[in-house]
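Scroll down for the structure; my scribbles are underneath it.
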Amino acid sequence: MKGDFEVFPMIHRIGILTSGGDSPGMNCAIRAVVRAGLSYGLEVYGIYDGYKGMVEGNIVKLDRKSVSDIVNRGGTVLRTARLKEFKEVSVREKAVGQLKKFGIEAIVVIGGDGSYMGAKRLTEMGINCVGLPGTIDNDIASTDYTIGFDTCLNTICDCVDKIRDTTESHSRCSIIEVMGNHCGDLALFSGLAEGAEMIITPDHPIPEEEIMRTLKQMHDSDDNKRAIVIVSEKLYPNIYEFAERVQKETGFDTRADILGHVQRGGAPSAFDRILASRMGAYAVDCLLEGKGGICIGMVNNKIVDYDIYDALALPRDKHVSMLRLIDILK
Ligand code: F6P
């Protein structure tokens with residue numbers, strides 16, 4: 001019924017929130033939802049601080065101007081939070097009470113898979129919710145790319161380019177830990193983009209013995225006097241201690257760098273802006289069609305929707321075929 005809403009308006013007032021770790025492009029998604037909603041004659045409310053703000057009633061009506069000049073800004077103007085207690089029915093009942101007070105009938109939730117569960121449960125309580133994949137981690141199986149992944153990847157590449165200058169100058173080994181939660185995509189993609197000597201991810205773990213043997217061979221050979229090693233976070237309890245072991249066992253003067261939260265900031269890339277805009281507008285279409293409990297993805301460049309339970313059950317192997325490149329391009 002896209003376009004027919006004037007004839008049969010199912011909803012009048014929608015809300016939007018961002019939840020979980022922020023990611024570049026969330027603001028573009030907010031803008032798209034607000035502008036698309038207003039174009040269709042809906043009222044749009046911003047819910048600040050994620051589900052926490054929903055429970056507390058931190059809700060403000062938005063207009064076109066509220067989302068002006070935010071396409072190029074990282075972070076989220078609605079701020080974000082993680083609220084574990086949202087799993088509890090009593091907490092969600094409070095949230096639903098607040099939404100009713102404001103007359104909000106449906107919600108767009110931008111966040112990771114934890115945020116999706118909240119969206120599904122709210123839908124089951126009568127408030128239709130649509131989830132948009134906003135996270136740098138790319139750990140949502142129902143979309144080829146999440147909003148923020150591309151920007152983060154480019155940020156990592158900028159950082160590794162800089163680290164490479166000093167690594168080469170000192171003939172060192174640099175071990176660079178990147179984010180991703182338990183998903184290796186940021187490490188895999190950045191490692192390939194940087195031509196790293198070694199890429200270690202949850203899907204591509206390398207036994208420590210092999211790591212040492214390979215790096216020692218590189219150190220002892222004439223043509224490889226430096227090494228860049230990209231490692232997913234959470235694989236080594238202490239990356240600095242790992243670097244010390246590498247230094248001791250391979251002969252490489254070794255340094256470790258944890259890129260940290262710099263990876264989450266910055267102006268969104270053009271790719272993320274477009275992805276967020278397409279998904280945001282599509283989410284509003286879905287709400288107008290009376291859909292809820294779904295999440296939006298981009299699969300083979302097509303914007304699609306999945307039931308949230310189905311999406312969460314999908315295998316997380318969408319880029320597994322790229323792992324072979326690690327071995328054949330080294
Ligand atoms: O989910 C995004 C993410 O940046 C992960 O990559 C990382 O593990 C986590 O959030 C860090 O969370 P926080 O900002 O709460 O330390």
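Listed values, structure above:
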quantity: Matching entry among G134, G97, G184 (being of a type outside the set (A, V, I, L, M, F, W, C) and in contact with a helix residue (DSSP H, G or I) (Cβ under 7 Å, 6 or more places away or on another chain)); calculated: G134
quantity: Leading residue by the ranking (nearest to T80 (Cα to Cα)) among those in region 222-256 that are more than 16 Å from the ligand (Cβ to nearest atom) and assigned to a strand (DSSP E or B); calculated: A256
quantity: Pairs with Cβ under 8 Å, 6+ apart, first in region 63-84 and closer than 27 Å to M117 by Cα, second in a loop (DSSP other than H, G, I, E, B) and modelled with pLDDT under 95; calculated: none
quantity: So V160, is it surrounded by 21 or more Cβ atoms within 10 Å (Cβ to Cβ), β-branched (V, I, T) and within 14 Å of the ligand (Cβ to nearest atom); calculated: no
quantity: Subset of region 87-125 that is within 16 Å of the ligand (Cβ to nearest atom) and either among the β-branched types (V, I, T) or within 9 Å of S19 (Cβ to Cβ) (or both) - its residue that is surrounded by the fewest Cβ atoms within 10 Å (Cβ to Cβ); calculated: G114
quantity: Test for T151: is it over 14 Å from the mean Cα position of the chain (by Cα), part of a helix (DSSP H, G or I) and over 21 Å from I206 (Cα atoms); calculated: no
quantity: Residue in region 23-38 that is surrounded by fewer than 23 Cβ atoms within 10 Å (Cβ to Cβ) and either within 18 Å of the chain's Cα centre (by Cα) or acidic (D, E) (or both) present; calculated: no
quantity: Single match in K291, K302 (criterion: basic (K, R) and surrounded by fewer than 16 Cβ atoms within 10 Å (Cβ to Cβ)); calculated: K302
quantity: Given (1) more than 20 Å from I107 (Cβ to Cβ); (2) of a type outside the set (D, E, K, R); (3) assigned to a strand (DSSP E or B), index of the condition G297 fails; calculated: (1)
quantity: Residue among T143, T123 that is in a loop (DSSP other than H, G, I, E, B) and not assigned by TED's automatic domain parsing to the domain that holds L186; calculated: T143
quantity: Top-ranked residue of region 163-190 - restricted to ones that are part of a helix (DSSP H, G or I) and away from the ligand (no atom under 16 Å from the Cβ), ranked as farthest from the chain's Cα centre (by Cα); calculated: S169
quantity: Unmet criterion (only one of (1) more than 16 Å from the ligand (Cβ to nearest atom); (2) outside the structural domain of S169 (by TED's automatic domain parsing); (3) not in a strand (DSSP E or B)) for I303; calculated: (3)
quantity: All positions within region 212-241 that are surrounded by fewer than 21 Cβ atoms within 10 Å (Cβ to Cβ) and of a type in the set (A, V, I, L, M, F, W, C); calculated: M212, M218, L235, I239
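The values are calculated or read from the model by the stated rules, or taken from the named source; none is laboratory data. Computed from a predicted model, the values in this text were never measured in an experiment. For neighbour counting, all protein chains shown are included, and Cβ atoms are generated from backbone atoms with ideal geometry for every residue, glycine included.
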